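Report on the following structure.
Bear in mind that the values in this text are calculations on the coordinates, not laboratory data. Worth saying up front: this structure is predicted, and the values here are computed from it rather than measured. Positions of Cβ are backbone-derived with ideal geometry, glycine not excepted, and every protein chain shown enters the neighbour counts.
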Amino acid sequence: MTSHNGMRPQDIVLLLKIILWETKEWQYREIANDLNMSISDVSHSLNRSSVAGLFQPDRRKVARQKLHEFIKYGLHVVFPVLPGPIATGMLTAHSHPFYHEQFSAEDIYIWPDLNGSHRGQSILPLYKGTTIAAQNDEILYKLLASIDILRVGRPREINAAMGVIENYLL
């Protein structure tokens, strides 16, 4: 029997990536490289997600409805974030280029990254490899920025972000 010690933030990133690669025959090594994770991290993450009912290993599919419910109702509680100091990094939340056109906000949120080109209020990403994973996949980047809106946004921003997430999940 597999034990479950709780979900980890990188589990959400991995599940989103699998959804985006739904039509692709992916291997652990390939997805690990793309997400800047180790193969063992991918394996452990999928085991946790399987025990939680968010991943079906026999079909290599994400339980989309369950993941949607978790993201909508639980993610901001389980993986909260408090904005940190001003830093240089990669735009996220409503500062992401997709959302920046929709919302006028004084706060600029970034994931700290030494190679970033924007300054703003730092928020910790879901896991340490997020900036690399986002650079490798623009759609994943938009989804992760949407997730961050759920963590730091206001109701109107959250509704817009959930709409984007639902377009990919449901």
Links exceeding 21 Å between C-alpha atoms in this model, out of 24/61; 17/66; 24/72, come to 24/72
Relative contact order in percent for the range 37-105 (Cα pairs under 8 Å, 6+ apart) equals 12 percent
Quick calc: nm separation of the 7 Å Cα→Cβ label points for residue 38 and residue 114 -> 2.1 nm
Simple spin-label estimate for residue 5/residue 98, 7 Å along Cα→Cβ, in nm, reads 3.3 nm
Computed over the chain, the relative contact order (Cα-Cα under 8 Å, seq sep at least six) in percent reads 23 percent
For residue 73 and residue 88, extending 7 Å from Cα along the Cα-Cβ vector and measuring point to point gives, in nm, a value of 4.4 nm
In degrees, nearest 10, the alpha-carbon axis of helix 39-51 is tilted away from the dominant principal axis of the alpha carbons of the chain by 80 degrees
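Which GluC sites (Glu not before Pro) does the range 29-118 hold that lie in a coil by DSSP with at most 10 other beta carbons within 10 Å?
Passing both the DSSP loop test and the Cβ count: 101, 106.
Which order do peptides 143-151, 20-28 fall in by mean Cβ count within 10 Å, highest first?
143-151, 20-28
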Between the Cα axis of helix 64-73 and the main Cα principal axis of the chain, the angle (0 to 90°, nearest 10) is 40 degrees
Rounded to the nearest 10, the angle in degrees between the Cα long axis of helix 138-152 and the longest principal axis of the Cα atoms of the chain comes to 70 degrees
